[in-house]
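The values are calculated or read from the model by the stated rules, or taken from the named source; none is laboratory data. These figures come from a predicted structure and were not determined experimentally. Backbone-built Cβ (ideal geometry, glycine too); neighbour counts: all protein chains shown.
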Amino acid sequence: MDYRVGSDLSLARFLLGISLEEAAREIGIERITLFRIESKETYPNQKTIDLIYSYIYKKGININEIKAAFYDDEIISGKLLIHGSKSFIDGDISPFKGRKYSDFGQAFYCAESVEQSTSFVTKFEDSCLYILDFDEKGLKRYNFEVNQEWMLAVAYFRGTLEKYKNHPKILEIIKHVKNADYVIAPIADNRMFSIIDQFIGGLITDEQCQHSLAATNLGKQYVFLTSKATSQLKILEKCYISSEERKHLNKAKEKNNELSENKSKEVMRTYRNQGKYIEEILNEAN
């Protein structure tokens, strides 16, 4: 699936109110080349694609946000979701191609917004976004919130609760997930998982962990666990992430991480000595 470079360039020029000649001059590409790209007579190489999309982004136009908003308005009965891919989707969407030790094991992961999905793949040069239409009819779902159950679930599926895998509390969580076609849960990035890891390691209580995670909220993720669930996902478009956007988002992420870390430290201090440690929780439930 190719990027819609010509259509995106045409839209950007319309929004900016500039001519093809002006765009060609500012991008540094010959007008005839840009004309052929925009009219879809030719498909550009990778270098040219990045020049065009970086130019659009530097002009203050987030083309992927605009397209997602357009599709969201067009979807009648489904739900718009965004998947950030490190490279591209090869063949049919499958829940069995991802990493094993993710938040809920091997599955197909999506977020609700362009920003959420993009932030997870900006470090990968060949990454891109997919805008999808999800039809949830006939599927079994399980919901998680920012609470003890979710913290234990993420820890288990990321492989750090192996010694408790036969504990009744963990078995109950596993049953909920295994019986679902898809899960809706808070997103846990590596920074959030490091907080959960402190809880699992007995360094902080569940109260400290839960409130700290809530302070670094990244939104909701949709986790597709079965082929039946992924078969009800329809790709609407593959979207490009320019090098300029990656650079900007990576800097913004560093600032946000620093702010979230400070919030987390304050939460840890506020809820010190409140709640229970992991051993107390699992011994109590045994």
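Annotations
- Selection within segment 203-225: residues that are closer than 30 Å to LYS140 by Cβ and more than 19 Å from the chain's Cα centre (by Cα). The member of this set that is surrounded by the most Cβ atoms within 10 Å (Cβ to Cβ) is CYS209.
- From the list PHE108, PHE96, PHE120, PHE88, the lone residue that is aromatic (Phe, Trp, Tyr) and touching a Pro at 6+ places or on another chain (Cβ under 9 Å) is PHE108.
- Criterion applied to GLU65, GLU41, GLU21 was being exposed (fewer than 13 other Cβ atoms within 10 Å of the Cβ), part of a helix (DSSP H, G or I) and out of contact with any Leu (no Cβ under 7 Å at 6 or more places or on another chain), and the one residue passing it is GLU21.
- If the condition is being acidic (Asp, Glu) and in contact with a strand residue (DSSP E or B) (Cβ under 9 Å, 6 or more places away or on another chain), then segment 127-159 contributes ASP133, ASP135, GLU136, GLU145.
- Among the residues of segment 210-238, those that are of a type in the set (A, V, I, L, M, F, W, C), in a helix (DSSP H, G or I) and closer than 26 Å to ALA180 by Cα comprise LEU213, ALA214, ALA229.
- Checking each residue of segment 132-146 against the condition of being under 25 Å from ASN62 (Cα atoms), surrounded by 19 or more Cβ atoms within 10 Å (Cβ to Cβ), touching a residue at least 60 places away in the same chain (Cβ under 8 Å) and in contact with an Asp or Glu (Cβ under 6 Å, 6 or more places away or on another chain) gives no match.
- Selection status of ALA229, touching a helix residue (DSSP H, G or I) at 6+ places or on another chain (Cβ under 9 Å), in contact (Cβ under 8 Å) with a residue 40 or more places away in the chain and not acidic (Asp, Glu): no
- Selection status of VAL267, more than 28 Å from GLY78 (Cβ to Cβ), assigned by TED's automatic domain parsing to the domain that holds PHE104 and either part of a helix (DSSP H, G or I) or in contact with a Phe, Trp or Tyr (Cβ under 9 Å, 6 or more places away or on another chain) (or both): yes
- Qualifying strands (runs of 3 or more DSSP E) (wholly inside segment 77-167; at least 3 residues being farther than 23 Å from ILE196 by Cβ): 79-85, 128-134
- If the condition is being over 20 Å from TYR164 (Cβ atoms) and in contact (Cβ under 8 Å) with a residue 40 or more places away in the chain, then segment 184-208 contributes ILE184, PRO186, ILE187, ASP189, ARG191.
- Test: residue in segment 186-202 that is within 19 Å of the chain's Cα centre (by Cα), surrounded by 21 or more Cβ atoms within 10 Å (Cβ to Cβ) and in a strand (DSSP E or B): yes
- GLY6 meets the conditions (1) in contact with a Lys or Arg (Cβ under 8 Å, 6 or more places away or on another chain); (2) within 23 Å of LYS247 (Cα to Cα); (3) not aromatic (Phe, Trp, Tyr) in every case but one. The failed one is (2).
- Just one residue in the set TYR240, TYR271 is in contact with a helix residue (DSSP H, G or I) (Cβ under 6 Å, 6 or more places away or on another chain) and modelled with pLDDT of 90 or more; that residue is TYR240.
- Matching option when the condition is in contact with a Phe, Trp or Tyr (Cβ under 7 Å, 6 or more places away or on another chain), surrounded by 16 or more Cβ atoms within 10 Å (Cβ to Cβ), in contact (Cβ under 8 Å) with a residue 60 or more places away in the chain and part of a helix (DSSP H, G or I), among TYR53, TYR57: TYR53
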